[in-house]
Amino acid sequence: RSVPPQCWLTGFHLRVMAAVGVTETEKEAVMEAEATCSQTEPAEFRKLSDIFESGWKLHEEAESSNEPSNSDTFQRKVRRGVELLEQATRMVNQLDLFSRNEELEEIATADVKYLLLPVLLGALTMKLGNSAKRLEHVQKAQVYYMDFLKRCKDYNIMTFEIPLKVENNEEHNEASVPNSPGVCSQSSLLSMASKRQAKIERYNMKKETEAQLKEIKSNVCSGKADDEQTRKFYLLNLQRWINTSLEEIESIEQEIEILKRMEGTKRPQSTRPQRPPMQPFILTQDAVQAKVFGAGYPSLPTMTVDDWYEQHKKQGILPDQGVPRSHPGDEENQDQEAENDNEADDEQALKNARDKDDWKDTRRRGYGNRQNMG
């Protein structure tokens with residue numbers, strides 16, 4: 001195949017330096033340049049296996065990365081992995097590597113790993129960080145996971161049940177569950193118990209599969225594994241991803257439901273023609289209270305003082321109407337009587353004061369309060 005000249009020169013210099021003998025620093029610099037050149041190499045000049053391995057490696061780096069998921073470096077790595085795996089998927093479709101009519105034993109060992117393409121695409125798509133397109137990414141990942149599970153089911157890689165969609169589950173439950181509350185509660189409890197048992201079994205199987213993968217991964221990556229070990233390595237990866245996909249689909253269905261509700265609340269309300277402000281509703285209790293205690297706010301004047309006086313004068317309800325007025329002689333008589341009363345009060349008070357003084361003169365202080373002491 002044709003290789004870009006800069007990449008060929010980099011590999012050539014690396015082999016020459018290995019033969020002549022150079023420092024490790026220079027070797028690392030050349031190897032880094034060769035790796036950068038291979039990443040920028042156009043996809044049409046690379047083999048299917050190289051593209052797939054590069055995409056798989058980027059997925060593993062994203063899984064083990066400690067960088068924030070919304071950082072530019074992490075997102076560039078995820079987008080690059082998606083591009084490589086999509087290119088590998090197109091190449092697999094063009095080559096017609098898989099068919100529903102064949103069995104798993106009929107697939108070549110080198111081609112078994114390409115069954116991981118949909119699930120790797122789904123896992124990387126879930127890591128894309130555009131929040132505005134989150135619903136689109138989640139739905140796309142769900143399609144990838146379901147496609148992977150269907151292919152594994154067709155090839156009988158392991159025994160499992162493909163989960164139904166949320167809509168199908170709801171329709172099935174409404175049609176199959178009777179209206180009796182006792183039967184409904186019993187069936188729901190049995191369903192919850194079966195789901196819990198299935199999760200426990202998947203968890204134990206996943207741990208066992210990961211332990212087996214850890215034992216043979218080093219031999220496969222180093223190229224020391226034979227055909228049987230390599231095939232077992234890919235099949236164990238398929239089994240591990242089947243359990244992971246079943247868990248991911250459950251969480252994806254819940255996330256889709258939440259995102260759809262959020263999207264519904266964010267939709268702009270339809271514009272309505274402006275109307276004049278309406279009068280507030282009058283509550284019966286407030287109306288009665290206003291009649292008894294007043295409106296609760298200062299009332300505005302409706303007439304002047306003169307108008308009020310004239311109105312009450314016509315009705316004959318003024319305070320001075322119908323009441324005889326007092327004469328000046330009467331007022332003088334009242335004043336004289338008040339003076340006489342005051343004088344009489346003064347003479348009596350003076351007499352009482354004199355009697356009290358006389359009584360004190362003839363009786364010393366404390367008289368009559370001896371408390372039987374003689």
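Heavy-atom accessible area with a 1.4 Å probe sorts 73, 109, largest first, into 73, 109.
Anything over 32 Å Cα to Cα? Flag those among 113/266; 150/195; 57/133, in the order listed.
Working: 113/266 42 Å; 150/195 20 Å; 57/133 25 Å.
Distance filter (> 32 Å) returns 113/266.
To the nearest 10, the accessible area of residue 234 is 20 Å² with a 1.4 Å probe.
Checking the cross-link pairs 127/206; 47/207; 140/207 against a 24 Å limit on the alpha carbon distance flags 47/207; 140/207 as lying beyond it.
The values are calculated or read from the model by the stated rules, or taken from the named source; none is laboratory data. For clarity, every value in this text was computed on a predicted model and none was experimentally measured. What goes into the accessible areas is simple: the full protein's heavy atoms, side chains included, and nothing from ligands, DNA or RNA. Shrake-Rupley method; radii C 1.70, N 1.55, O 1.52, S 1.80 Å.
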